[in-house]
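The values are calculated or read from the model by the stated rules, or taken from the named source; none is laboratory data. Note that this is a predicted model, so its numbers are computed, not measured. As a convention, Cβ positions derive from the backbone with ideal geometry for all residues, glycine included, and neighbour counts pool all protein chains shown.
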Amino acid sequence: MHPLPVDQDARGILDPVTGLTRFRLDRYAPSDPVARFVDRYWLSSWDLADGEPHAQRVFPHPVVNVVLTAGTATAHGPATGVRTQSLEGTGWALGVMFRPAGFRPLLGRPMRTIVDAALPWPEVLGADAPRDDDPRALIAAVDRFLAARLPGNRHPAEDTADLVEGIAADPAGIGVEALAEREGTTVRSLQRRFADHVGLSPKAVVRRYRFYEVAERARAGPAPDWSALAADLGYSDQSHLIRDFTAVVGAPPARYAARSRS
């Protein structure tokens, strides 16, 4: 399945309407074998001829992103908060966005050990990164590199990836206690599984995807009924939604929505 274009799915990008006037973001599907573990390749490119740098804030998906530029290749572990990327001049960056838990087979140790970490490619992937001055050719080279190293047999982390993607599709559908019961386990065991395969707790993952839903509703379509949206997404009340959203963005959802539409 080909990734949705950014105008249809901007989850994780804060203030995308403004940001996409300063950079371009294209998405590419991995090959079928690699798609078991990688969600997409993304290519960000910019030409800030006016000389004014741009600081783009992102609240990344609860996954690993491996980022390659003309001179660096770095694996970024799951993030607990907002990250800011500064863009200036002319350039590009190629990202490998893994599925939730998709990096665990390559890492070979619990994902909790790389939360909020930025690690050189060879340190976690055991070889030098592919290189190419053409980013589209680099996508093909990275895909071949990963296809040769990912496990052929099903890995336990793939069950967790399916579980997390179910949460992403319906972040209001189930709470952590009910999720553990559905999986036939305890909350504590589910927390250990997420620490191993995802790096973040089940509660943090659910809250992340609920935040994305609020942000997407805020930036697209008519202004939502915030009280009804809070109820739809499983918040205890509207103030809880507003408090959580403001803690991440620095502005309440109504102000963010107005900013996105201006």
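Residues that are out of contact with any helix residue (DSSP H, G or I) (no Cβ under 9 Å at 6 or more places or on another chain) and in a loop (DSSP other than H, G, I, E, B) were ranked within the range 72-95; the one that is surrounded by the fewest Cβ atoms within 10 Å (Cβ to Cβ) is 89.
Residues are listed down the side, and each one gets a yes or a no for (1) modelled with pLDDT of 90 or more; (2) within 24 Å of residue 82 (Cα to Cα); (3) part of a loop (DSSP other than H, G, I, E, B):
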site	(1), (2), (3)
1	no, no, yes
6	yes, yes, yes
17	no, yes, no
31	yes, no, yes
44	yes, yes, no
51	no, no, yes
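Would you say residue 180 is of a type in the set (Gly, Ala, Ser) and either within 27 Å of residue 232 (Cα to Cα) or in contact with a helix residue (DSSP H, G or I) (Cβ under 8 Å, 6 or more places away or on another chain) (or both)? So residue 180 passes the test. Listed conditions (1) within 23 Å of residue 261 (Cα to Cα); (2) free of Cβ contacts under 8 Å to residues at least 40 places away in the same chain; (3) surrounded by 16 or more Cβ atoms within 10 Å (Cβ to Cβ) are all met by residue 3, apart from (1). Of all residues in the range 185-200, those satisfying the criterion of being over 15 Å from residue 12 (Cβ atoms) and buried (at least 19 other Cβ atoms within 10 Å of the Cβ) are 190, 193, 194, 197, 198, 199. Please verify whether residue 160 is among the hydroxyl-bearing types (Ser, Thr, Tyr) and surrounded by 13 or more Cβ atoms within 10 Å (Cβ to Cβ), treating the condition exactly as stated. Criteria met by residue 160. Filtered by the rule that a residue be assigned to a loop (DSSP other than H, G, I, E, B) and either modelled with pLDDT of 95 or more or under 16 Å from residue 151 (Cα atoms) (or both), the range 96-129 gives 99, 100, 101, 102, 103, 108, 109, 110, 115, 116, 117, 126.
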